[in-house]
Every structure is written in structure tokens, then in C-alpha cells.
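Single-structure report; data block below.
The values are calculated or read from the model by the stated rules, or taken from the named source; none is laboratory data. Note that this is a predicted model, so its numbers are computed, not measured. With ideal geometry, Cβ positions are generated from the backbone for all residues, glycine too; neighbour counts draw on all protein chains shown. Calculation scope for accessible area: heavy atoms of the full protein, side chains included, ligands and nucleic acids excluded. Shrake-Rupley method; radii C 1.70, N 1.55, O 1.52, S 1.80 Å.
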Amino acid sequence: MTKWKIATAATGVGVISAAIHSKSNQKQRLHVDVKPPILYVGNFNILPVIKTCFGMLPESLRHQILLAAAAPASRSIPRDRYDILGENPYTIDEVKPGVWKVGYDRENHFMVNQEAKMQARMLGMDIGREETAWRVMQGAEGFGRDCSAAAHRDIAYARYWDEVEKIDDKDVMRVAKITENMIVVKLNNGSVMLYAPVKVHDETEFGQFLEKLGKVEWIVAPSSEHTLQLPAIIQKFPDAKIIGSATAEKKLNYVNAIPRKQFDFDYTSEDDLKRANEILKKEGVELFYIKGDVVTHSLFSIAHNVALECDAV
């Protein structure tokens, strides 16, 4: 795939960021200086051109382009340790009775997926550019020489792997691994809630643990950004009630991932959030929508006195 094709594939994310930046400028300035996103092809920042062209399109077409770019298409869903190596991708830690943190090892799609790599570069994660390396070194130097030396080595290491066109499967879990966290909650009535769920392999220890724990009756998608894992989990538990944002619902409906075509509760709606809490408070869970988060629509939760967050910090 050529750089121009990859850039085209990343356009949706670019215009989302550009649109947000534009709307911020039109309504009111933020209290901090926010640098506009960039998207270089060679030495040319093409994002202003994309933004101008995008603004000339009909609103309905812009909406479809944004959904096509952000929806969890099958080609975008990252593989995990089990998919790649046949090894257990989960670690299960009991936080307190009734609450478990489940670590899930998967490939970092910003390193292995060419479209995602282009998106990361647009958001400032382009380790090949001197400006990015300078920011890393500036941050490290405040912690002393040892930290500065480590940052210098890390930059060289990251640049080496960034230039590898395709990382071999045998190396992915060593150099391009990310651990995602899901929270499993045993509710007071004996049923189970999955907060920020990840893919479940039935044949693993975690799959067996979850099956014995109880019926999964609730799926909580606490961010409009983290939707890649949701199609598989909704398919696995089609009768579970889903709590999520309106934006996440649109993204999932674009790929026909919601059997009922809508979430049971949209937590960005005050009425829906109130109804959900009326049910869940009796089960040991309370939900809090972080109003003003226009990017991820983060949902903060408390389960059996344990704080749960996604994209809030």
C-alpha cells in the first residue's frame, strides 16, 4: 500500500480531529494552548487540505466518512497473544471480593497496522520526526542523566521497529505488545458485569473462570473510543444489556454489531443514566458520566467501592 493510500485511509481520523479543533476555535478558545494535529506525507502537512475539502462536502456525506473511519471494522481489530502464538493472553487479579482486573495482551495496532500507524503519526506519535524525539528527550532530561540516556536508547529502539514494514509474529509480543485492562464485576444478584470488555477465548483459563462465575447480564462500554473489542463480546453475549455512549452506538451500528440496533442505556443521556443507576445501585454499582469530555465521553464507575475508569486519566 502506498503512502498516499494509507493517508487516504487515515483521513477520517484526521478530519475528526480537525473538526474538533475547528469547532473549538469557533465557539471559545480553550484555557490551554492546543497544537493542531498534523499529517505529513513526506515533508508536506496534508491535514489543512483535507480539512478544507472535508468542509465542502454535504453534512450527510461527512457523517458517513467519519463513521467509516472510526467504526470497528474487522481489518482494524488487533490480534492477541492467543491468536498469534496460541498462548494465554490473560492475567486475572482479584482487586477485592467481587471485582477482578483482567489484563489482556494484544498487539499494538499503532505499530503493526499501517493505517493505524498513519493515524498515530497525525496525533503526534511519529518517532521518526526530530520534533517528537526532542519532546521525549526534553521530558526525560528533567529526571537526570540516567533517564536521559534511557530515553535516547528507547528512541533508537522505537525508530528501528517503526521502520520495519511488517513485524514477524514471533516478535510482535516482544516489541509491539500492549496490555489492555477489563474489569469483571460479580453483582449482588449473582450475575456478571463486564466493564471495558475484551475478547474472550472460551478454551483459556479466563474463559472457564468467566463461565463458572455467572451469567453475563451487563456490558459496559465506558468510552466512545474503545470499541474494537465490542463486536465480538456483544456477539458472545447477545442477551446482555449494553451501556454505552451515543457515539459508540453509531460506530457499532455501522458494522452491524448490535443485534437490537441500539444500546439499552445511553449514559450520555441523563434519563438513561438515571434509569441504569436505579437498577445497578442495588447490585453494588454506580455510574458517573464525565460531562465535557467531547473526545472519549468517558464513564467513571464505582463497583463494590472500587473505582473504575477508562480514558479519564
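Looking at the range 226-247, is at least one residue open to solvent by 10 Å² or more (accessible area, probe 1.4 Å) and in contact with a Cys (Cβ under 9 Å, 6 or more places away or on another chain)? Scanning the range 226-247, I find at least one residue that is open to solvent by 10 Å² or more (accessible area, probe 1.4 Å) and in contact with a Cys (Cβ under 9 Å, 6 or more places away or on another chain), so the answer is yes. Does residue 128 satisfy the criteria of being on the phi > 0 side of the Ramachandran plot and assigned to a loop (DSSP other than H, G, I, E, B)? Criteria not met by residue 128. Starting from residues that are within 17 Å of residue 115 (Cβ to Cβ) and open to solvent by 40 Å² or more (accessible area, probe 1.4 Å), keep the ones in the range 31-67 and report whichever is farthest from the chain's Cα centre (by Cα). Once the filter is applied, the top-ranked residue is 40.
Restricting the first member to the range 255-266 and to residues that are surrounded by 20 or more Cβ atoms within 10 Å (Cβ to Cβ), and the second to residues that are part of a loop (DSSP other than H, G, I, E, B), no beta-carbon pair is closer than 6 Å while six or more apart or on different chains.
Counting just the residues of the range 192-211 that are part of a helix (DSSP H, G or I) and acidic (Asp, Glu), which one comes out nearest to residue 92 (Cα to Cα)? For the range 192-211, the residue satisfying everything is 205. If the condition is being at pLDDT 85 or above and aliphatic (A, V, I, L, M), then the range 27-62 contributes 49, 56, 57, 61. Among the residues making up the range 87-116, those that are open to solvent by 30 Å² or more (accessible area, probe 1.4 Å) and under 26 Å from residue 214 (Cα atoms) are 87, 88, 91, 92, 93, 94, 95, 96, 97, 100, 101. Residue 233 meets the conditions (1) over 22 Å from residue 106 (Cα atoms); (2) outside any loop (DSSP other than H, G, I, E, B); (3) free of Cβ contacts under 8 Å to residues at least 40 places away in the same chain in every case but one. The failed one is (1). Only residues that are open to solvent by 70 Å² or more (accessible area, probe 1.4 Å) and among the aliphatic types (A, V, I, L, M) were counted across the range 117-141, and they come to 2.
Cβ-Cβ contacts under 7 Å between residues 6 or more apart (or on different chains), taken from a first residue in the range 162-179 that is within 16 Å of residue 126 (Cβ to Cβ) and among the charged types (D, E, K, R) to a second residue that is part of a loop (DSSP other than H, G, I, E, B) and open to solvent by less than 80 Å² (accessible area, probe 1.4 Å), are listed as 162/127; 162/128. Number of residues in the range 267-287 that are farther than 18 Å from residue 246 by Cβ, open to solvent by 40 Å² or more (accessible area, probe 1.4 Å) and of a type outside the set (A, V, I, L, M, F, W, C): the value is 4.
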